[in-house]
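J.: Let me give you the structure first, and then I'll get to my questions.
A short reminder: the numbers here are calculations on the coordinates, not readings from a lab. Since this is a predicted model, take the numbers as computed values, not measurements. Please note: Cβ atoms are built from the backbone with ideal geometry, for glycine as well, and neighbour counts cover all protein chains shown.
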Amino acid sequence: MKTSRFTLVLCALMAAGAVLAEDAKEPETGEDVIIATVNGTPYDLDLFRLFFLERLQQNQGENSPALQEQAFNEFMSLVVASQEATRRKLEEDPEVAVAIDLQRMKILSNAALAAMAEEVVPTEEELKKAYEDVKKNATRTEYKARHILVKDEEEAKKVIEELEGGADFGDLAREHSLGPTGKNGGELDWFDANQMVAPFSEAVAGMEVGSFTKSPVQTQFGWHVIELQDSRKAEPPSFEDAEPQLTLLLKRQKISEKLAEMRDGAMVELNEEVVKLKPTDEAAAEESK
């Protein structure tokens, strides 16, 4: 196998993406595939695959030969740096040892949670009940509005006077508004109360469609003159559309309950010199006697 002590360049096979191809053939012998041997130590292809998938996620899934080559060189830097740590016997450093233990626990914990999630299958009844809750919470009013944002109250009052005199709202927004929507005549996308700051939402909720605020509305952004163009009741998603997210939600709930049960059932001996427990109400009452 060809080796290099300084520059490690990704081979054409990797640049073409064949290593990560879904139809890549596994060795018939069942032996691990070695991607490289560095200073006499072999490294599995699967190890690099895992490293590359992490880099791919960081790159938002945009794969390319350039990213593969960059990831390969980063992997090789990781290899030689970890070998140097071993040469220096840094695994024996208490801080390093604790960090390794923590990472090991995290990996094992994530693996256990993934295995538990595979075993949890919400019933149709549970999914339907969760969907009914979603429908209740999804019943909300959405608003279509436009606004003019200015620096001070007096300027906002002058804008209102012009509107009362018959001026066009869009023209005034393009002329006076400081916000990014000004160039579009102050137009806002459909929104619900939770998407806007409280004074703005409260003002809109009390308006009639087709009206504008008779008094300026103050927020942390400045002073607003608002026109309510339309309102509607938001429709909840269909059960079919909501089912994947509901399944994940129920899985998380069930796993959380299982973890709480496991914690409660664990045999724990605390070092009370280090861990100070908050007394329960019963224990506090007993202590006060």
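J.: Eigenvalues of the Cα gyration tensor times 5, then square-rooted: what semi-axes does that give for segment 176-219, in whole angstrom, largest first?
T.: 17, 13, 12
J.: Can you tell which of V33, V79, H176 lies farthest toward the positive end of the dipole of the chain, using +1 and -1 charges on the Cβ of basic and acidic side chains (Lys, Arg; Asp, Glu)?
T.: Ranked along the dipole, the leading option is V79.
J.: Here's a follow-up. Using amide H atoms built 1.01 Å from N in the peptide plane, name the residues 5+ places from T219, or on other chains, whose amide H lies under 5 Å from its own.
T.: H224
J.: Any aspartates and glutamates with Cα under 20 Å of the K135 Cα? List them, leaving off those in the same chain fewer than 8 positions away.
T.: Partners within reach: E124, E125, E126, D192, E235, E240, D241, E243.
J.: Give the lysines reachable from K129 as a straight Cα distance under 29 Å; neighbours fewer than 8 places away on the same chain don't count.
T.: Answer for K129, where 29 Å is the Cα cut-off: K233, K251, K254, K258, listed by chain and number.
J.: Cross-link partners among lysines for K158, C-alpha distance below 23 Å, same-chain residues fewer than 8 apart left out?
T.: K183, K214
J.: Which far-off residues, 5 or more places away or on another chain, put their amide H under 5 Å from the one on A36, with H placed in the peptide plane?
T.: Those lying under 5 Å, H to H, from A36 are Y43.
J.: So what is log10(I(q)/I(0)) for the chain at q = 0.13, 0.15, 0.17 1/Å, when the Debye sum runs over its Cα atoms only?
T.: -1.01, -1.11, -1.28
J.: Using the Cα atoms as the points, what is the convex hull volume per residue of segment 167-289 in Å³?
T.: 283
J.: Let me see the pair-distance distribution of segment 26-174: every alpha carbon pair, 10 Å bin width, integer percents in order.
T.: That works out to 8, 16, 19, 13, 12, 15, 11, 5, 1, in percent per bin.
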